[in-house]
1. Among the residues of segment 96-104, is any closer than 28 Å to LEU23 by Cβ, of a type in the set (A, V, I, L, M), open to solvent by 30 Å² or more (accessible area, probe 1.4 Å) and under 16 Å from the mean Cα position of the chain (by Cα)?
2. Quick check on my filter: what residues within segment 142-162 are open to solvent by less than 60 Å² (accessible area, probe 1.4 Å) and in a helix (DSSP H, G or I)?
3. Give me the pairs, please: first residue somewhere in segment 78-100 and within 22 Å of PRO36 (Cβ to Cβ) and without any contact (Cβ under 8 Å) to a residue 60 or more places away in the chain, second residue anywhere and assigned to a helix (DSSP H, G or I) and open to solvent by 60 Å² or more (accessible area, probe 1.4 Å), beta-carbon distance under 6 Å, and either six or more positions apart or on two chains.
4. Output the number of the condition that LEU85 fails; it satisfies all remaining conditions of (1) touching a Cys at 6+ places or on another chain (Cβ under 6 Å); (2) at pLDDT below 95.
5. Could you tell me which residue of segment 41-83 is least open to solvent (accessible area, probe 1.4 Å), considering only residues that are closer than 18 Å to CYS103 by Cα and among the acidic types (Asp, Glu)?
6. Which of the following residues is open to solvent by 70 Å² or more (accessible area, probe 1.4 Å) and under 16 Å from the mean Cα position of the chain (by Cα): PRO36, PRO25?
7. Any idea which of GLY112, GLY105 is closer than 19 Å to GLY148 by Cα, among the small types (Gly, Ala, Ser) and modelled with pLDDT of 95 or more?
8. Could you please let me know if PHE92 is open to solvent by 10 Å² or more (accessible area, probe 1.4 Å), within 30 Å of ASP170 (Cβ to Cβ) and hydrophobic (A, V, I, L, M, F, W, C)?
Amino acid sequence: MTFRSHITLGLIGGIALSYMPKLVPYTQEQIFGLLPLVALGAVFPDVDEPNSFIGKKMPGFSHMVSCLFGHRGFTHFLIFPVLLLLAGIYLFPNCKDYIYAFCFGVFMHQVGDMLTKSGIPSYFFPFSFGFLKHKAVLLPQILRIRTGSSIEMFIVLPLLLITLAFLFWDKYSSVISPHIGRFFHVS
């Protein structure tokens, strides 16, 4: 997936969490405030690809990660957001909400890559044996998309954006509407 699709999918996931108050004990406003970190997390795993959107923003770090792990390597394994979460909570115990949001974005990135033709090889590392040794995918081959293809850009991304718009409006229209009205108020 391209960075636009990853960000959009991450935001859809972040807003979808607000529909589960028993699972995610945050207010709509708190979730809204955490969405930028979800979006950042949703592009971060591609730091292992120097030509990616995030790789170009962090070239030295991106080249180092790429040399060490290759693309769709460690930053795409399930263990990566888990270790980030544990290390983040240990090192920054007062920033748990921000760490949760970022790591959720990383996980949503991985979900997005599981919708592509390539999937994620060795996703369950270090448990890469038996059925876990195969690449992680969520769709049958015929339904998976090629990153950057016309199908992604002209069908998948617009559908994701429409879904995001509906979810966003459904959840945050009461917060946004009064502010929009101020721009159009004629006295």
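1. Scanning segment 96-104 turns up no residue that is closer than 28 Å to LEU23 by Cβ, of a type in the set (A, V, I, L, M), open to solvent by 30 Å² or more (accessible area, probe 1.4 Å) and under 16 Å from the mean Cα position of the chain (by Cα).
2. Hits for segment 142-162 are GLU152, MET153, VAL156, LEU157, PRO158, LEU160.
3. The qualifying pairs are PRO81/PHE107; ILE89/LYS96.
4. Only one criterion in (1) touching a Cys at 6+ places or on another chain (Cβ under 6 Å); (2) at pLDDT below 95 is unmet by LEU85, namely (2).
5. Across segment 41-83, the extreme among qualifying residues is ASP48.
6. Exactly one residue qualifies, and that residue is PRO36.
7. GLY112
8. So PHE92 fails the test.
The values are calculated or read from the model by the stated rules, or taken from the named source; none is laboratory data. In this text, all values refer to a predicted model and were calculated from it rather than measured experimentally. In this analysis, Cβ positions are derived from the backbone assuming ideal geometry, glycine residues included, and neighbour counts consider all displayed protein chains. Surface areas here come from the heavy atoms of the whole protein model, side chains and all, with no ligands, DNA or RNA. Shrake-Rupley method; radii C 1.70, N 1.55, O 1.52, S 1.80 Å.
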